[in-house]
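Quick notes on the structure that follows.
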Amino acid sequence: MRKMSESPDLIDLLTDQHRDVDLLFYQLADITGEASAEALVLGRRVVISLVTHAIGEEQHLYPTVRRLLDDGEALADREVAEHDQAERAMRDLEALRPDDEAFWPTVRDLREMVRQHVEEEEQELFPRLRAACPDNELRRLGAKVQQTQRHAPTRPHPLAPSGEASLALLGPAIGLVDRLRDAATGRGH
Ligand SMILES: [Fe+2]
């Protein structure tokens, strides 16, 4: 149970982020097949949320897993390989619009990868890490992730619809994944 005054520990924080991404996928599922600005913006919010989440895990979760779990090296290697696979789908998605034929199949593939990721972490990795890692260390790591992510961009597009914007106004966001990674790791500007 988390007190209001405390920031979430690493596992609670990452679990909350899983729920946020689930919600975006549910919203997308409701409008599957629609060639709308809403679909495009939701797709970009998925990419932003997932890249931000992946960076937090790569910087603070997997190093801890490697250090504290017996088979941590193999577990972390598997998760990182899955991040690479998901990131390929996100690079496809950033260049697509909902009126492209490949948009919805790419959303579906990405959703399935995320579903597996969430299941593996929440069923196996997180419980084992909670048992192996002291609470104060998990809180310290949670604070570090929050600190890094405070600077993450939250707007999916400078032309995010304000209500009346149409899909025609929204171009592809090629380079979105790279820009997010550069911003989070201090590369670029
Ligand atoms: Fe995760």
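The values are calculated or read from the model by the stated rules, or taken from the named source; none is laboratory data. As the structure is a prediction and not an experimental result, all values here were calculated from the model. Glycine gets a Cβ as well: all are built from the backbone with ideal geometry, and neighbour counts include every protein chain shown.
Exactly one condition in (1) over 28 Å from residue 124 (Cβ atoms); (2) at pLDDT 95 or above is false for residue 90; which is it? Failing condition for residue 90: (1). Taken across region 111-134, residues that are surrounded by fewer than 14 Cβ atoms within 10 Å (Cβ to Cβ) and touching a residue at least 60 places away in the same chain (Cβ under 8 Å) do not occur at all. If you go through region 18-36 and keep only what is in contact with a Ser or Thr (Cβ under 7 Å, 6 or more places away or on another chain) and not aliphatic (A, V, I, L, M), you end up with just 20. Candidates in region 36-86 are the residues that are of a type in the set (Gly, Ala, Ser) and within 16 Å of the ligand (Cβ to nearest atom); of these, the one that is farthest from residue 105 (Cα to Cα) is 72. Given the criteria of a type outside the set (D, E, K, R), within 20 Å of residue 177 (Cα to Cα) and modelled with pLDDT of 95 or more, does residue 28 qualify? Taking the combined requirement at face value, the residue satisfies it. Using the structure shown, decide if residue 39 is of a type in the set (Gly, Ala, Ser), more than 21 Å from residue 147 (Cα to Cα) and outside any loop (DSSP other than H, G, I, E, B). It is true that residue 39 is of a type in the set (Gly, Ala, Ser), more than 21 Å from residue 147 (Cα to Cα) and outside any loop (DSSP other than H, G, I, E, B).
Taking the criterion of being in a helix (DSSP H, G or I) and surrounded by fewer than 19 Cβ atoms within 10 Å (Cβ to Cβ), the residues of region 66-78 that qualify are 66, 67, 68, 73, 74, 77, 78.
Residues that are in contact with an Asp or Glu (Cβ under 7 Å, 6 or more places away or on another chain) and of a type in the set (A, V, I, L, M) within region 114-138 comprise just one, 138. When the residues of region 89-111 are filtered to those that are out of contact with any Leu (no Cβ under 7 Å at 6 or more places or on another chain) and not in a helix (DSSP H, G or I), the one that is farthest from residue 173 (Cα to Cα) is 101. Within region 21-65, restricting attention to residues that are touching a helix residue (DSSP H, G or I) at 6+ places or on another chain (Cβ under 7 Å) and exposed (fewer than 15 other Cβ atoms within 10 Å of the Cβ), the residue that is nearest to residue 115 (Cα to Cα) is 27.
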